[in-house]
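A.B. asks: Supplied in C-alpha cells, the structure appears directly below.
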Amino acid sequence: MKSIEKQLLTRLLIGQGILWILASIVVWHSERARLYSEFDSELRHMSGGIRMHLRDKNVDKEIEARWPGFLSSENSGFVQAWDKDGTIWLKSKNLGDDELVLPFDPNSPPDSDLPMQMTMVNFQGSKGERFRGALSPIRTPPRMPRRPHRSPQERPPDGGVLLVAKSREVLERNLLLLGIGVVALGALASAFTALLVRTSVRQGLAPLFEMGNQASAIDVQNLETRFTSESIPSELEPISKTLNDLLERIEAGFRRERRFNSDSAHELRTPVAEIKSLAALMVKWPEESTPERHLDILKTASHMERVIESLMNLAQWDSESEPLQIETIAVESVLDEYRDKYVDQIKDKQIKLTFSGENQTVEADPTLFNLIISNLLSNAVTYTPKNGIVKVTIGDTQPEILAVSNSVEDLNPEEIQHYAERFWRADGVRTGDTHCGLGLSIVSACVDRLGWKMKISLDNSGNMLTFQLSR
C-alpha cells in the first residue's frame, strides 16, 4: 500500500532539490558574469589608455603610473603588440625573453584575421598559464603626422593588434571557491528544506492520522462515535461528513437487526410455547387429539407466519435495499380494490364506509402504496366498533394524499404516539389474534421510504381517529 506521506515527501524533496540546483546554477553564472565583467572592464580601460601611448614605445612607466601593480608578479599583467605581419613590435619588460602567443594566424590574407574592434580572448602562455586579454586593433589616424626623425621600426605600426592581458588564475580560483560555496550552501539549504518539508508534511497529515486512529477504534460496541468537524482541516470535512453518514447507516442497520431479533423473539415466544404445549399434550394423551386442537395449532402457525412476513417487510423497507419503482397510481382504483376485500367484515360489524373526494393520482411505488392502503383499511375496519364509521377522504390539494378515519371508543389520547411502535397494542382496544401489532409500523416504514408524512390525530370529541397522509 502506497504511503501518502512518502509520496508527498518524495515529490516535494525532488522538487525543492531541482529548485535549489537551478538556483545554484543561476547564482554561480550570475556571479561569474559579474566577475568577468569587472575583469574585462579593467582590461578594456587599460587597453584604451595604452593605445594612446604606443608612440612612446616604452609604456611601462605609464602603466605603473596609471595602474600600479598591474605588471607585478601578483597580478601577472602583460602588454604586447604585433604588426599586421605577426611580428612583435612591443612588449612589456616583465615578459623578459618570453612572449605571448599570437591569438591570430599571421599567414592569413592581410587584414582577414585582424579584429575590427576590441575583443576579449582567452589563451594560454608558453608555460600553459591561463590568460584573458583585450585584443584591439592599432590604427594610425590619417591626420596624425609621422615624426620624420623616427625610423619606420620606431613608429607605431599602421595596422596590427595590441594585447593587454592578465592571468585569470586568480579569477578561476575565485570562481571555483564560489562554486564550492554555492554547492555547500545549496546542500545545507536542501537539508534544512528537507527537514522543514518533512516536519510540515507530518504536521499537515496529523489530522488524517488522527482520523485514521479514531476510525480504527470504532467497533460494534461504539457505533455511536462520530467525527467532529471543529478540529479538522476544511479539506477533511467532506471525508468526515461521508464517514459520519456511513456510520449512521451502519448503526441504523445494526439497530434494525437487533430490533428484528428482539421483535422476533418477543412475538414468536408465545405462539411457539403454545404449539409446544399442544404437541406435548397430544404426545402424552393421543386419544385427546381432536380437530379443535389441530385447528388451534393451525391458527397459531398462521399467526407466526403473519408475524414473520410482517417483520420481513419491515426489515426490507427499513434497510432501503430495494430500489423504488415509481409509477403513477390512481388512488381511487386502489381503494376500490381493497374495499371489496373487507366487505364481509364491514357487513358483520354494520360499519358505515364512506369515500369522498375527487380521484387523484400519486407518484409512488405500487408495492409500498398497496401496503399502506391495505394496512390502514385493515386497521380501521378491525378496530372500529359495531355500527361505527370508517371514512376515507381523497385529498383535494397538492400536499394531501388521503385520510382514513374510524370511530373509536374510550381511546386515551396519550396512546396515539405509540401507534406506530412495533407490537404495541392498547388494552381492550387493539387486541385479538388476527393482528400482531405491526400494521401501523409497516405503514410508517413505507411512508418514510416514500418521503411522505403521516399524522395521527384524534378529534375534539375523542370519537374519531384519523391517519392523514401528505407529501
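A.B. asks: Excluding same-chain residues fewer than 8 positions from K299, which lysines have a Cα within less than 23 Å of its Cα?
C.D. replies: Those lysines meeting the cut-off are K276, K284, K341, K349.
A.B. asks: Now, a different point. Determine the sum of side-chain charges near L100: Lys and Arg each +1, Asp and Glu each -1, restricted to other residues whose C-beta is under 14 angstrom from that of L100.
C.D. replies: Overall, the nearby charge balance is +3.
A.B. asks: Something else about it: Using the per-residue mean of other Cβ atoms lying within 10 Å as a proxy for protection, in what order, highest first, do the peptides 80-86, 296-302 fall?
C.D. replies: 80-86, 296-302
A.B. asks: Additional query: Averaging over every viewing direction, what projected area does the convex hull of the Cα atoms of the stretch 327-470 cover, in nm²?
C.D. replies: Average projection, Cα convex hull of the stretch 327-470: 8.2 nm².
Quick note: the coordinates plus some simple rules give every number you see, no bench work behind them. Being a predicted model, the structure only gives us computed values, none of them experimental. Positions of Cβ are generated from backbone atoms using ideal geometry, with glycine treated the same way; all protein chains shown enter the neighbour counts.
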